[in-house]
1. Sort out which residues of the range B:281-306 are touching a strand residue (DSSP E or B) at 6+ places or on another chain (Cβ under 9 Å) and in a helix (DSSP H, G or I), and write them in order of number.
2. From (1) more than 14 Å from every other protein chain (Cβ to nearest Cβ); (2) farther than 25 Å from B:V203 by Cβ; (3) part of a helix (DSSP H, G or I); (4) of a type outside the set (D, E, K, R), pick out the condition that doesn't hold for A:A230.
3. Suppose we filter the range A:208-229 for residues that are buried (at least 22 other Cβ atoms within 10 Å of the Cβ) and at pLDDT below 95; how many remain?
4. Residues that are more than 30 Å from A:A110 (Cα to Cα): find the helices (runs of 4 or more DSSP H) completely inside the range B:162-238 holding 1 or more of those.
5. May I ask you to verify whether A:D286 is in a helix (DSSP H, G or I), surrounded by fewer than 19 Cβ atoms within 10 Å (Cβ to Cβ) and modelled with pLDDT of 95 or more?
6. Check B:G363 against each of (1) touching a residue at least 40 places away in the same chain (Cβ under 8 Å); (2) part of a loop (DSSP other than H, G, I, E, B) and name the one condition it does not meet.
7. On the basis of being in contact with a strand residue (DSSP E or B) (Cβ under 9 Å, 6 or more places away or on another chain), more than 14 Å from chain A (Cβ to nearest Cβ) and assigned to a loop (DSSP other than H, G, I, E, B), does B:L335 make the cut?
8. Taking the conditions exactly as written (hydroxyl-bearing (S, T, Y) and surrounded by fewer than 24 Cβ atoms within 10 Å (Cβ to Cβ)), does A:S153 satisfy them or not?
Amino acid sequence: MPFAHQHLLGIEPLSRADIERILDLATSMKEVLRRDIKKVPALRGKTVINCFFESSTRTRSSFEIAAKILSADAVNWASSGSSVSKGESLVDTARNLEAMRPDVLVVRHASAGAPHLVASRVGCAVVNAGDGAHEHPSQALLDAFTLRERWGSLEGRLVTIVGDVRHSRVARSNVLCLNRLGARVRLCGPPTMMPPGIEALGCEVFSDLRKAVDGADAVMMLRIQNERLAESVFPTTREYARVWGLSAAKTAWLKDDALILHPGPINRGVELEPDVADGPHSVILDQVENGVAVRMAILLLLAGAPEAQA
Amino acid sequence: MSSEAPKLILAGGRLVDPASGVDGVRWISIDGGTITAIEEGPPASTDGARVIDCAGKMVLPGLIDLHVHLREPGEEYKETIATGARAAAAGGFTAVVAMPNTRPVVDNAHLVRFVVDKGSEAGGARVYPSGAVSKGQEGKELAEIGDMRAAGIVCITDDGRPVMNPSLMRRALEYASAFDLTVMVHEEDLHLAGGGCMNEGPVATRLGLRGSPNAAEDAMVLRDVELCALTGGRLHIGHLSTAGAVRAVREAKRRGLPVTAEATPHHFTLTDEAVVGYDTRAKMCPPLRSRADVDAVREGLADGTIDAIATDHAPHSPVEKDVEFEKAANGIVGLETALALSLALVRDGVLTLPRMVERLSLGPARCFGLPGGQIERGGVADLTVVDADAEFRVDPGSFVSKGRYTPFEGWTLRGLATHTIVGGRLVFERHGKSEGSGR
């Protein structure tokens, strides 16, 4: 059965069945990733262009490796030093890239909705690899994959996301994805980092970390960016770490088998103490590995032959 | 120009004139740019006159739009004074007030005269210039308001930008009163707005877009109402969009302060849900707000808190609009859809027909002390003939304006101007059957 979506622009348009299909396929992809010879011909002759209008190493490399394992030709296109810095519009850039006949454009952009604009103007598949503070669907999918791998199912589980939700596309995609898979979501952080009306996406909002993580099956810590200091959303990273950072002492508040996730890159000593990041609760490196498997599944569903998607 | 104006007879239309309270079928004779007779039956003689059959149509005082951006000088690729004045006429407007945020800014008498000259050559609606409050609209020093008044401005405004410095705002209100000028304001506390590109709330949060809260507008309206009380200067709140701003203006009027306000068709019709899909046709400043705000604006129009419907007609080209939402320019066109959207308020039971007509004619005329806004014997012949039932699909490709970006594209609306008469001259006439056509 062909995948019902031409693009992957966010979690919002996906049904639970769509999400489970991606995660199921990612399970097979992870098996491929762990082989000695990590190569299958599923996307041979296909071209994937990673268009990164905002810098990223981890996500771009993850998509690139995913494409290459599937035998697609992967090209990295970065906006710095390109036509964009010469004033080319996003629509023009997209149409020029499309003229090179790619099968998939993987788009990261600092403006929310930019991948949607690209998708409305090109004929190939578009994958949103992070747009402003809107969505980062492949991240939420790899997080869900990581949790499902441990738990079998997310149904009835409780996940607490801690940090700068206002500026976080990871948080938005995760709230949507976790809800669709039957989990409950709590958000925690200073009220300055909570966007108004976020509850409408399906979550409870806390400012007290201890209460927020009480009974949680997993805690996802978001990266705190120093740039936000200028916006007065918090006074110092020291105070943030004391109140909302996860220290070894505070892990006593967690359930014994609670999992700790982080989308990376970690600000060690701010949102996570080093001992916690590397400690027994942490599944952070699993997330990175699973990211490749999930992105293989996404590329295969969007660009593979229908029979390859089965 | 009135010396050459021909004789016209508007025959048997439903005259709706809020000033005199007339709402009935009349025959209106026009000669030499002046209304010479208003009669309940056909005039005795129609010799040498062009008779326009207005049966089944409404005849209204010429519509007045206090708030349009005509982009000339400087951005003629978006609009010119000529195309804007003709678009206004096609929308039924007989007069518009051109905002001064052009390139360069209209902050001196020379540029005011340029706008006046271009406006009188345009052959459309009358174009009244406005002048900047501050030199270059930089919010630092007052512009030469007296000189600009002598050259023809009808108000001062830094529209597009707020006057952030409250002390400058105080001086502007004081100084402008010497020249009997209203200060029109764009109310947005830029610190609170925080670079927001849409209304702050659940929709912005879902879309991951930075929002500007109602408080950014409310706080500035409250500030300026107090400055109005302090100085006694006339204050006009441009494109008011929040429930808080409506409340503040209502309270100011109850105190007897010289405060007036306008609201746009998009703010009384649409909510911030229109942004979903990152639609840059729904991006303007102030942004589209919540349902509660839309309801409050409608209530303000009904109870007279809001004096005028104004379009904030703000044409842009694809260069500014066919881009990422956050990067897109604020502003949409409105001249050619405002009348139909206002008539929808009557059909929705929000306004009576005479009140709606008042908000588009007499109300705005009074805000700035402009001529017109009423139909009287011996008065200037600025009139609009309207087919209130003409249904049309909004097709920006058929607009007279150069601007094409409107959130109402593709909507089916009812109500079109069929004849627009300025100073006794027919500056716009809709040809062919209006049914099913935008023009």
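The values are calculated or read from the model by the stated rules, or taken from the named source; none is laboratory data. Note that the coordinates shown come from a computational prediction; the quantities given were computed from them, not determined experimentally. No Cβ is skipped: glycine too gets one built from the backbone with ideal geometry, and neighbour counts run over all protein chains shown.
1. B:R281, B:A282, B:D293, B:V297, B:R298, B:G300, B:L301
2. (1)
3. Counting residues in the range A:208-229 that are buried (at least 22 other Cβ atoms within 10 Å of the Cβ) and at pLDDT below 95 gives 1.
4. The qualifying helices (runs of 4 or more DSSP H) are B:166-177, B:214-231.
5. So A:D286 fits the description; yes.
6. All conditions pass for B:G363, except number (2).
7. Criteria met by B:L335.
8. The answer is yes for A:S153.
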